[in-house]
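J.: Below is the structure I would like to discuss, written out as structure tokens.
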């Protein structure tokens with residue numbers, strides 16, 4: 001693997017590490033307020049949420065390294081830019097939702113996180129069919145999380 005591909009893998013992994021740490025800290029800021037909210041009927045059980053996030057983070061990390069090793073520098077740039085923007089939007093959701101409790105704004109942030117992840121899904125399928133299929137749950141999770149954010153806002 002060339003040095004530029006290793007750099008892409010390391011940068012992508014660092015972005016995901018920021019996502020892991022940042023979301024963990026932001027989501028844990030006001031759990032009492034969160035528990036007091038009326039839950040949308042379609043909110044999955046806590047065990048599903050507890051299982052999907054480790055999967056998502058592991059899949060994103062794996063996808064980053066597969067993309068780095070198999071695709072072109074153009075794909076690398078799009079991957080890193082889309083990953084960064086999607087992660088920033090997801091972290092904005094966590095901050096908006098749990099700190100100022102700006103529910104509509106947090107939903108809008110997740111719309112952007114979901115849209116910025118679409119190129120990641122496409123690039124994953126370009127790298128391999130199996131990787132693309134493995135990426136689908138993350139994209140679906142973002143869609144579900146977006147609907148939940150707006151669901152909380154309208155309850």
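The values are calculated or read from the model by the stated rules, or taken from the named source; none is laboratory data. Predicted, not measured: the structure shown is a model, and the values here were computed from it. Every residue, glycine as well, gets a Cβ built from its backbone with ideal geometry; the counts of neighbours run over all protein chains shown.
J.: Among 13, 29, 62, which is the only one that is touching a helix residue (DSSP H, G or I) at 6+ places or on another chain (Cβ under 7 Å), in contact (Cβ under 8 Å) with a residue 24 or more places away in the chain, farther than 17 Å from residue 142 by Cα and part of a helix (DSSP H, G or I)?
T.: 13
J.: Check 85, 129, 103, 96 and return the single one that is under 14 Å from the mean Cα position of the chain (by Cα) and either buried (at least 17 other Cβ atoms within 10 Å of the Cβ) or modelled with pLDDT of 95 or more (or both).
T.: Result of the check over 85, 129, 103, 96: 85.
J.: Right, something else. Which one is farthest from the chain's Cα centre (by Cα) among residues in the range 112-126 that are more than 17 Å from residue 12 (Cβ to Cβ) and buried (at least 17 other Cβ atoms within 10 Å of the Cβ)?
T.: 112
J.: Condition first: exposed (fewer than 11 other Cβ atoms within 10 Å of the Cβ) and under 16 Å from the mean Cα position of the chain (by Cα). Now tell me which residues in the range 25-80 satisfy that.
T.: Residues satisfying the conditions are 50, 54.
J.: Has the range 123-132 got at least one residue that is outside any helix (DSSP H, G or I), in contact with a helix residue (DSSP H, G or I) (Cβ under 6 Å, 6 or more places away or on another chain), over 22 Å from residue 26 (Cα atoms) and touching a residue at least 12 places away in the same chain (Cβ under 8 Å)?
T.: No, the range 123-132 contains no residue that is outside any helix (DSSP H, G or I), in contact with a helix residue (DSSP H, G or I) (Cβ under 6 Å, 6 or more places away or on another chain), over 22 Å from residue 26 (Cα atoms) and touching a residue at least 12 places away in the same chain (Cβ under 8 Å).
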